[in-house]
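The next block holds one structure in the form of structure tokens; read it before the comments.
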Amino acid sequence: MFVKSVRFSSLGWGLFPAFAVVLASMASAQTADLPSSPAPNYSSKTNPYFGSVTTQPATDEVLNLSLDDAVRRGLETNLGLKQAEESEKSLHGQKDVAFQYFLPSITVTGGHGYHEYNLAAYGFGHGLVIPGGPPEGFPLITKANVTLGQVNYEQTLFSGTYINGYKAVKAAEQSAFFAKQSARGEVVQQVATAYLGVIAAQSEVENAKALMDADKVLFDQARAQHEAGTMANLDELRARVQYQQQQQIVVANENKREKAEILLKREIGIAPGQKINLTDPAPYNELAARTPDELKAEAYANRQDYQNLQAQERETRMVLGARKAERYPTLSFKGNYGVTGVTGVGYHGTFSAIGTLTVPIFKEGTLRGDTEVAKAQLDGVTVQLGDMRGRIDQQVRSALLDVQAAQKLVEVSRSNVDLASRALSDQTDRFNAGIDDTLPLVRAQSTLQSAQSNLVESLYQFNLAKLGLARSAGVIELQYRTYLGR
């Protein structure tokens, strides 16, 4: 339902090489998508939010798990969220690296070495004129033990590229933060969806077992009446088939529930073999009436993916400023002070102080190209931001319609269950009174089973629709309890 925003890659920062690494890592701070429905293949390979970091092995004890406990565990261990957190940490470290360009660099060097010099190679020779004449036996090959100690200082005093680039990295860090917050909302939605899926599967099992028990009673009665000669063999066979079919349904529903539990445990860091007991029943809560405009305003204020894209726009704007600042002069200073000496001769202090002003002159093609690339990237993010505003409006309205439709389906499904229960009760009385055979009773049981399954599914879809509305409004992490009626 959401399209990932296009991020820019390293642009080859020339005077600011650290930003090449920073900008390349910005791709990890993507806008998190809001999925319209779970993927059919529940694998952490295709979707990291279906995986987690399992912290404890399975035990023989049954773990009681509420919805709040499941969400808390998901926020602590979910693989997708862990990846988003690591991306934020990486950009924080890159920001520290970028800040170093504004600080002085001080290093200390020292060493001692044995040297042999060929003075002739430096211009000393027999034709060398030395006042007073060269010493007797003046050698052209000399040897010396040289000791060197030096403190070096270097600092960039002004660079427009560095200033705007550092602001871009700070904006990238904010983008990564909002991406992490959006990932937290994704975890809450995924975990709550999985938890509600287990509840729905458990309800299906309970309803199927209740009907299986009723079918067992019906089969026993039909067999007893057939043995007594008051009922045809066909009625007993029909009751047996119905009972065995219901047994198959129970087995299939139990398998579905166990697989749903495994998925939930994978998402919240519980070992797949750990036994769990969900302590929260299926929630049902009618939402207060909200208008699309109210929800849209709430989404603009709280949607982390929208704030993420705004941070990306600031980031690309600073990148464009840094590209334009490549035309400005750069002022730097470096110097050193140290001691150099030859063993047995003496030591003497040395120093240097150099100020450098760098002005780009013959780089017009590179400067224009870098600026055009950065401008295109800014325009791309600006277009995405405009599209995001319209997309939020669309998603809020669609989610609100889903909630309203799902609520009506719940009301109709509950009415159908009541009617089917009454019909089954009346048909059971007719069977016990000998008015009808087993065929109408089997049909009534089948109708009730279908009505119960529809009610379970409609309650599940209603809760999913409310979670989707909370996610569209950007408040799912803080208000999922309110939306679900916990």
Helical segments meeting 24 Å axial Cα length and Kyte-Doolittle -1.0 threshold in the chain (DSSP H): 79-99, 160-228, 364-432, 438-472
Burial ranking of peptide ranges 332-344, 254-266 (average Cβ count within 10 Å, highest at the top): 254-266, 332-344
Added length on full extension, which subtracts the Cα-Cα distance from 0.36 nm per residue, Phe333 to Asp68: 89.6 nm
Theoretical ellipticity at 222 nm over the chain - DSSP helices of four or more residues, -39500 (n - 2.57) apiece, nearest 500: -21500 deg cm²/dmol
Most to least packed among 416-424, 393-401 [average Cβ atoms within 10 Å]: 393-401, 416-424
Relative contact order (%) - criterion: Cα under 8 Å, at least six apart; region: the range 311-394: 36 percent
The chain, relative contact order [Cα under 8 Å, separation at least 6], %: 22 percent
Gain in span if fully extended, Asp429 to Lys259, counting 0.36 nm per residue against the direct Cα distance: 57.3 nm
Given Lys259/Lys296; Lys216/Lys466; Lys296/Lys324; Lys265/Lys466; Lys89/Lys256, the pairs whose alpha carbons are separated by over 32 Å: Lys259/Lys296; Lys216/Lys466; Lys296/Lys324; Lys89/Lys256
Protection-proxy order for peptides 170-181, 473-484, each taking the mean of Cβ atoms within 10 Å per residue, highest first: 170-181, 473-484
Förster radius 56 Å - calculated FRET efficiency between Asp220 and Gln479 (Cβ-Cβ, nearest 0.05): 0.65
For the range 67-103 versus the range 357-394, the gap between their alpha-carbon centres in whole angstrom: 27 Å
Gap separating the Cα centres of the range 179-223 and the range 416-441, nearest whole Å: 26 Å
Relative contact order of the range 267-370, pairs being alpha-carbon contacts under 8 Å that are 6 or more residues apart, as %: 21 percent
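The numbers here are math on the coordinates, done by the rules we state, and not lab data. Note that this is a predicted model, so its numbers are computed, not measured. Reconstructed Cβ throughout: ideal geometry from the backbone, glycine too, with neighbour counts over all protein chains shown.
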